[in-house]
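What follows is a set of notes on a single structure, which appears directly below.
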Amino acid sequence: VLAVPVLFKQTLENTEMEEGKCVSLRCELTKADATVVWKKGEATLQASAKYEMKQKGTVAELVIRNAEPEDA
């Protein structure tokens, strides 16, 4: 049985944010409930007071709280 790869239907877009505010990054996948790993460079982001990961169906979202220039 061949596994069908999960692809992006809608990729991340550049988002401007105001320092100290929350920003939400979303992408849409071709398969519901696929495993999504959020990274900054080579580092995998973990859920914390700063980062919240959400996923509903084919939409994955990363919320960054108290955004700083280092979050670019």
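The values are calculated or read from the model by the stated rules, or taken from the named source; none is laboratory data. Just so it is clear, the model here is predicted, and its values are computed rather than measured. Positions of Cβ are backbone-derived with ideal geometry, glycine not excepted, and every protein chain shown enters the neighbour counts. Ligands, DNA and RNA are excluded from the accessible area calculation, which covers all protein heavy atoms including side chains. Shrake-Rupley method; radii C 1.70, N 1.55, O 1.52, S 1.80 Å.
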Which ones in the stretch 47-71 are over 13 Å from the mean Cα position of the chain (by Cα), exposed (fewer than 14 other Cβ atoms within 10 Å of the Cβ) and assigned to a loop (DSSP other than H, G, I, E, B)?
48, 49, 57, 66, 68
Residue 26 passes all but one of (1) open to solvent by 90 Å² or more (accessible area, probe 1.4 Å); (2) touching a Cys at 6+ places or on another chain (Cβ under 7 Å); which number fails?
(2)
In the stretch 23-46, residue nearest to residue 67 (Cα to Cα) [restricted to those that are part of a loop (DSSP other than H, G, I, E, B) and of a type in the set (Val, Ile, Thr)]
37
Can you name every residue in the stretch 38-72 that is farther than 13 Å from residue 6 by Cα and among the aliphatic types (A, V, I, L, M)?
43, 45, 47, 49, 53, 62, 63, 64, 67, 72
Residues satisfying the stated conditions in the stretch 28-59, i.e. without any contact (Cβ under 8 Å) to a residue 12 or more places away in the chain and small (Gly, Ala, Ser):
41, 43, 47, 48
